[in-house]
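Right, one structure below, let's go through it.
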Amino acid sequence: MRARAFGGTGLELPVVGLGTWQVLDLPPEEESVASRVVAEAFAAGMRVVDSSPMYGRSEAVLGRALGGRRAEAFVATKIWTRSTDDARRQLDAQLAFYGGHVELEQIHNLVAWREHLPWLEAEREAGRIGLLGATHYAASAFGELEEVMRSGRIQAIQIPLNPVERECERRILPLAEELRLGVVVMRPLGGEGALLPGPGPRELAPLGGLTWAQALLVWALSDPRVHVVIPATSDPSHARENAAAAELAPLGDDERALVERLARSL
Ligand SMILES: NC(=O)c1ccc[n+]([C@@H]2O[C@H](COP(=O)([O-])OP(=O)(O)OC[C@H]3O[C@@H](n4cnc5c(N)ncnc54)[C@H](OP(=O)(O)O)[C@@H]3O)[C@@H](O)[C@H]2O)c1
């Protein structure tokens, strides 16, 4: 799968990863779904997986589904609590799920970021965390996100970007580029698949055989300031379809405009 430099981190990451919000929050009797999705995703070249303590059982389910693939994975997860004691317990649980290391630890929705950064930096120094990041899903929080970005204390951000959620293009993506931060895109299919199922083959014909999900993923990846998109899926065939988007050429201006028109008309 095509890879991109992850900002100024010195890492190259495959451009399509796997989100786990809702889709991997599975009871034990359904966990085989996670194994199938992760197996298909990794067979197709995905390596970045994203989770959070907010996603119920997903972190634990993901850890078990990774199994022997753990060493190949780039695990991005989050700290999501105001309490430093709880946050440390969240990290301990993650270290148990993911073999003693988290590649990217993100402060979820910027919750208590000023309190969390010092101890997370110490954990990074100690080698249990690779990179630090911050996420927010709402444009109303982008001012605060800018503040964290400018602190020089994080190496990556996670923000929403799809043809109907483009606020990050105004200030966040230019700033991320200037600061050489890694950029992970959440909600590439509109958030919980809000832009799906989308237009049919006739309307998509000018894009030359792409599925609508692939058109949305390539639309986001056509912005070179984006490094990884993380569509969530509980369907192995969707994981394969999404991974294939990584091999497609970036869209030109006319093709991007067409995807935007089609998305607005849904
Ligand atoms: N604040 C934050 O930090 C934050 C907020 C939101 C999201 N995120 C992260 O970003 C990830 C992605 O966002 P999201 O889960 O909200 O939404 P999304 O990835 O835009 O959409 C996911 C939905 O799209 C469907 N889907 C995926 N691939 C498909 C395909 N090829 N064809 C048809 N349907 C497809 C999935 O259903 P199927 O299971 O049927 O495939 C799922 O319901 C999350 O899982 C999470 O890891 C982070």
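The values are calculated or read from the model by the stated rules, or taken from the named source; none is laboratory data. Everything numeric here is computed off the predicted structure, so don't read it as measured data. Reconstructed Cβ throughout: ideal geometry from the backbone, glycine too, with neighbour counts over all protein chains shown. Just so you know, the surface numbers come from the protein's heavy atoms only, side chains and all, with ligands and any DNA or RNA stripped out. Shrake-Rupley method; radii C 1.70, N 1.55, O 1.52, S 1.80 Å.
Take the chain, drop everything but the C-alpha atoms, weight them equally and run the Debye formula without solvent; then report log10 I(q)/I(0) at 0.10, 0.12, 0.14 Å⁻¹ to two decimals. Normalising to I(0) and taking log10 leaves -0.46, -0.67, -0.93. Only helices enter the 222 nm calculation for the chain: every DSSP H run of n ≥ 4 contributes -39,500 (n - 2.57), and dividing by all residues gives -11000 deg cm²/dmol, rounded to 500. Spin-label pair Glu115-Ala43: with each label point 7 Å from Cα along the Cα-Cβ axis, the two points sit 4.5 nm from one another.
Remark: segment 156-241 carries 40 Å² of accessible area per residue (probe radius 1.4 Å; ligands, DNA and RNA excluded).
One decimal place: the segment Arg70-Ala126 gains 18.1 nm when fully extended, by the rule 0.36 nm per residue minus the C-alpha distance. Accessible surface calculations at 1.4 Å, restricted to protein heavy atoms, place segment 28-121 at 40 Å² per residue.
A simple spin-label model places the labels of Arg202 and Ser140 4.1 nm from each other, with each point 7 Å out along Cα-to-Cβ.
Label positions at Ala194 and Gln22, each projected 7 Å from the Cα along the C-beta direction, are separated by 1.1 nm.
Each part gets one Cα centre, and for segment 7-39 versus segment 51-117 those centres are 13 Å apart.
When a 1.4 Å probe is rolled over the protein heavy atoms, the share of accessible surface on the chain that falls to carbon and sulfur comes to 49 percent. Most mobile of Gln155, Gln106, Gln90 per a Gaussian network model of the chain (Cα springs, under 10 Å)? Per the Cα network of the chain with a 10 Å cutoff, Gln90 tops the list.
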